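One structure is given below, encoded as structure tokens.
The values are calculated or read from the model by the stated rules, or taken from the named source; none is laboratory data. Worth saying up front: this structure is predicted, and the values here are computed from it rather than measured. With ideal geometry, Cβ positions are generated from the backbone for all residues, glycine too; neighbour counts draw on all protein chains shown. We work out accessible area using only protein heavy atoms, side chains counted, and drop any ligands, DNA or RNA first. Shrake-Rupley method; radii C 1.70, N 1.55, O 1.52, S 1.80 Å.
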Amino acid sequence: MKVRGKVVSYHDVSGVSKAGKQYSKAELVIQNNDGYKDAEAFYHFTLFAKTMERFSSSIGDEVDVEFNIESKEYKERWFTNLIAWKVQAAAQ
């Protein structure tokens, strides 16, 4: 899937897991107003190491994000994540 929007937030959340393994990921939030009745929508994406390395946008930049939707069950509750695999400057 693909969505275009303005970068609102980007945070590196890399660290060490409880099992002692290094991980590298980041969180990206974009704002998009192409929705119903011009309502602003926000999308929260997870970026992993290789996507992070190619990310070069700043807050306020328009970007195109290509992503997959992933849902997982944990203790009879479902959680959905948007996993970005490509982020680039929006084509004008």
Hits among aspartates and glutamates - C-alpha to C-alpha of residue 25 under 15 Å, sequence gap 8 or more where chains match: 12, 53
GNM top mover of 39, 49, 19 - the chain, alpha-carbon springs below 10 Å: 19
Of 80, 22, 47, farthest towards positive along the dipole that unit charges on Lys, Arg, Asp, Glu beta carbons give the chain: 22
Prolate/oblate/rounded call for the range 1-65, Cα gyration tensor, a/c under 1.5 rounded: prolate
Low-density loop positions, trypsin sites (Lys or Arg not before Pro), the chain - DSSP coil, at most 16 other Cβ in 10 Å: 18, 21, 75
Accessible area per residue, Å², the chain with all protein chains present, probe 1.4 Å: 74 Å²
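Nearest 5 percent is fine: what portion of the DSSP beta bridges confined to the chain is antiparallel?
That works out to approximately 90 percent antiparallel.
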Helix-only [θ]222 nm of the chain, DSSP H runs n ≥ 4, -39500 (n - 2.57) each, per residue, nearest 500: -1500 deg cm²/dmol
Three-way shape call for the range 26-92 based on the alpha-carbon gyration tensor, with the a/c threshold at 1.5: oblate
Candidates 61, 12, 34: whichever shows maximal mean-square fluctuation once the chain is modelled as a Gaussian network with Cα springs under 10 Å: 34
Long pairs among 2/86; 2/72; 21/75, criterion Cα-Cα beyond 18 Å: 2/72; 21/75
Assigned charges on the beta-carbon of Lys, Arg, Asp, Glu; the chain dipole about Cα centre (debye): 400 debye
Surface share of carbon and sulfur [accessible, 1.4 angstrom probe, percent] for the chain: 50 percent
